[in-house]
Amino acid sequence: MEIVKVKNYEEMSEKASTLMIEKLNNLEKPVLGLATGSTPEGLYEILIDKNKRNEVTFENVTSFNLDEYAGLKNTDPNSYHHYMNEKLFKHIDIPKGNTHVPNGSASDLEKECQDYEALIRDKNHVDIQLLGIGGNGHIGFNEPGTPFTSRTQVINLDESTRQANARFFPSMEEVPTQAITMGIETIMESKEIILLASGENKAEAVESLINGEVTEDFPASILQKHAHVTIIADEAALSKV
Ligand code: GLP
């Protein structure tokens with residue numbers, strides 16, 4: 001794992017954008033894996049800006065998001081569909097049909113997972129996968145205990161994850177209890193991974209990610225086994241390493 005230490009959130013976002021753009025510009029038809037949450041918001045703002053200045057184009061990019069809440073309509077303001085449209089897709093030149101986010105309101109969620117896997121496979125896997133990390137070590141929504149061999153699946157959200165994400169919802173009761181997430185094996189098949197972490201509340205997770213035992217009890221630890229991972233983290237997130 002390559003660890004890039006930066007000063008703060010702004011520098012993390014800058015560094016991530018530089019790295020991503022360099023890679024995007026070197027691929028003919030890039031397949032991007034995208035994440036949600038607070039962490040990549042700054043990166044997305046920079047990508048929008050650089051796209052407007054013609055420093056990067058998304059015309060040939062296909063994207064796959066990591067996850068989506070189950071039971072939320074795609075138009076729901078708390079859905080990851082809505083997040084991605086508002087924070088990235090509608091501002092850049094990516095063709096509409098090229099963006100993929102699992103459909104959490106599909107009538108058959110299991111089939112939706114299988115179809116999503118097939119779509120990723122058809123594109124010969126993700127070239128650059130962007131990841132954040134949950135305080136409990138989740139990647140995507142793969143909670144502790146998820147088998148390393150998992151593929152895109154419906155998952156029960158941990159109480160701690162629901163609480164961490166409750167800040168986006170009007171009340172705790174409205175935080176979904178399930179989600180669709182790319183599996184751990186699906187994520188590990190990405191050719192390259194960039195994980196972002198900022199802030200002291202990620203310090204313990206980042207420490208376990210880098211120095212901890214590789215165990216299904218801490219899903220992100222599997223990244224130690226990936227051939228091409230870059231962790232871009234700020235001083236606060238690296239303060240326990
Ligand atoms: C969320 C998402 C993850 C994200 C993580 C951290 O629940 N499913 O993809 O990386 O938790 O979120 P944040 O960046 O807001 O700390």
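Points to keep in mind about this one:
- The residues in the stretch 134-176 that are in contact (Cβ under 8 Å) with a residue 60 or more places away in the chain, more than 10 Å from the ligand (Cβ to nearest atom) and of a type in the set (S, T, N, Q) can be counted, and the count is 1.
- Sole exception among (1) on the phi < 0 side of the Ramachandran plot; (2) in contact (Cβ under 8 Å) with a residue 60 or more places away in the chain; (3) assigned to a loop (DSSP other than H, G, I, E, B) for H125, by number: (1)
- The residue that is nearest to the ligand (Cβ to nearest atom), counting only those in the stretch 8-66 that are farther than 17 Å from K191 by Cβ, in a loop (DSSP other than H, G, I, E, B) and among the hydrophobic types (A, V, I, L, M, F, W, C), is F58.
- Residue in the stretch 104-114 that is of a type outside the set (G, A, S) and within 16 Å of the ligand (Cβ to nearest atom) present: yes
- Residues satisfying the stated conditions in the stretch 199-241, i.e. touching a Pro at 6+ places or on another chain (Cβ under 7 Å) and assigned to a loop (DSSP other than H, G, I, E, B): E216, D217, F218
- In the set S171, S208, only one residue is within 26 Å of A237 (Cα to Cα) and of a type in the set (G, A, S); that residue is S208.
- I180 touching a Pro at 6+ places or on another chain (Cβ under 6 Å) and part of a strand (DSSP E or B): yes
- Scanning the stretch 93-122 for residues that are touching a residue at least 12 places away in the same chain (Cβ under 8 Å), surrounded by fewer than 21 Cβ atoms within 10 Å (Cβ to Cβ) and among the small types (G, A, S) returns a single hit, S105.
- Of note, I222 does not satisfy the criterion of being crowded, with 18+ Cβ neighbours inside 10 Å, within 12 Å of the ligand (Cβ to nearest atom), among the β-branched types (V, I, T) and under 30 Å from N26 (Cβ atoms).
- Going through (1) buried (at least 20 other Cβ atoms within 10 Å of the Cβ); (2) within 22 Å of G42 (Cβ to Cβ) one by one, N142 falls short only on (2).
- Residue satisfying all of: in the stretch 59-91; among the basic types (K, R) and touching a residue at least 12 places away in the same chain (Cβ under 8 Å); surrounded by the fewest Cβ atoms within 10 Å (Cβ to Cβ) among these: K73
- Residues in the stretch 162-201 that are basic (K, R) and at pLDDT 95 or above were compared, and the one that is surrounded by the most Cβ atoms within 10 Å (Cβ to Cβ) is K191.
The values are calculated or read from the model by the stated rules, or taken from the named source; none is laboratory data. Computed from a predicted structure; not experimentally measured. No Cβ is skipped: glycine too gets one built from the backbone with ideal geometry, and neighbour counts run over all protein chains shown.
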